[in-house]
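Here's the structure, in structure tokens; my notes come after.
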Amino acid sequence: MRWIVITALLTSGCIPHLESVAGQSKWSWTAPENSWELTDPPEGTIGTGFNDGDIAPDFRLTDQFGDEVSLWQFYGDVILLDVSTVWCAPCQELAKDTAETYHDYKDEGFTYITVLQEDVEGGMLDLEEVNEWVDQFGIDSPVLDDDEKEGTGAAISQGQFPAVLLINRKLKVVERINPPEDEVVREAIESIL
């Protein structure tokens, strides 16, 4: 049923239109030129934060293909948001399981989104470094660059990486997963799928 609706939207020329309110700013958005599935959250959805029970704020970041991606385009999926850095050893450990976790659950309406905030020296990333991460860990789910920390900076708690947030199908943050180990991550995902 979901594919029928998406196909109808895409073939009818209708481009999903999202709005987000974060603080005092408000912006509109049209679908990016990427291969990730597009959906449309209900009108009036407002992002409130990255704490348990909050509606995750929308953000627009560049993926490994150089396309703009919106968190809210995955409305309707369970989302694992992994905010990491290239230099972080626990982030690298988590990345080793990213592709397998994504593939194990994607057919159940699951999306795994990795956001990288810093390069190996703690500086700003470029597209080449994002793709090195993708290649190193064999990731084929969205990997986004947020080196200016504008989209996901508030997701980091007490400066600790990675921040791993489980977001339900209605964009509500369900849980901050800690420790961010594969077994714990999978248990959390399975609890809401």
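The values are calculated or read from the model by the stated rules, or taken from the named source; none is laboratory data. The structure displayed is predicted, hence computed values, not measured ones. Neighbour counts are summed over all protein chains in view; Cβ atoms, including those assigned to glycine, are modelled from backbone coordinates with ideal geometry.
Of all residues in the range 91-107, those satisfying the criterion of being out of contact with any Ser or Thr (no Cβ under 6 Å at 6 or more places or on another chain) and either buried (at least 16 other Cβ atoms within 10 Å of the Cβ) or closer than 13 Å to R186 by Cα (or both) are Q92, L94, A95, D97, T98, A99, E100, T101, H103, D104, Y105, K106. Checked against (1) out of contact with any Cys (no Cβ under 8 Å at 6 or more places or on another chain); (2) touching a residue at least 12 places away in the same chain (Cβ under 8 Å), Q160 passes all but condition (2).
In summary, D104 fulfils each of the numbered conditions (1) modelled with pLDDT under 95; (2) over 19 Å from K172 (Cα atoms) with the single exception of condition (1).
Of the numbered criteria (1) out of contact with any strand residue (DSSP E or B) (no Cβ under 6 Å at 6 or more places or on another chain); (2) among the charged types (D, E, K, R); (3) outside any loop (DSSP other than H, G, I, E, B), the one E121 fails is (3). What do you reckon, is G159 under 13 Å from V83 (Cα atoms), out of contact with any Ser or Thr (no Cβ under 9 Å at 6 or more places or on another chain), buried (at least 21 other Cβ atoms within 10 Å of the Cβ) and modelled with pLDDT under 95? When the stated conditions are applied, G159 does not pass them. Being more than 17 Å from V69 (Cβ to Cβ), touching a helix residue (DSSP H, G or I) at 6+ places or on another chain (Cβ under 8 Å) and surrounded by 13 or more Cβ atoms within 10 Å (Cβ to Cβ) is the filter here, so list the residues in the range 121-154 that pass it. Result: F137, single match.
Matching residues to (1) free of Cβ contacts under 8 Å to residues at least 24 places away in the same chain; (2) within 23 Å of D58 (Cα to Cα):
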site: D97; (1), (2): no, no
site: E100; (1), (2): yes, no
site: F110; (1), (2): no, yes
site: I113; (1), (2): no, yes
site: G122; (1), (2): no, no
site: L125; (1), (2): no, yes
site: E129; (1), (2): no, no
site: E148; (1), (2): no, yes
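Determine, yes or no, whether Q136 is of a type in the set (S, T, N, Q) and within 15 Å of the chain's Cα centre (by Cα). No. Of L116, L125, all but one fail to be more than 20 Å from F50 (Cα to Cα) and among the aliphatic types (A, V, I, L, M); the exception is L125.
Does the range 125-132 contain at least one residue that is β-branched (V, I, T), closer than 19 Å to R169 by Cα and in contact with a strand residue (DSSP E or B) (Cβ under 7 Å, 6 or more places away or on another chain)? No, the range 125-132 has no match at all.
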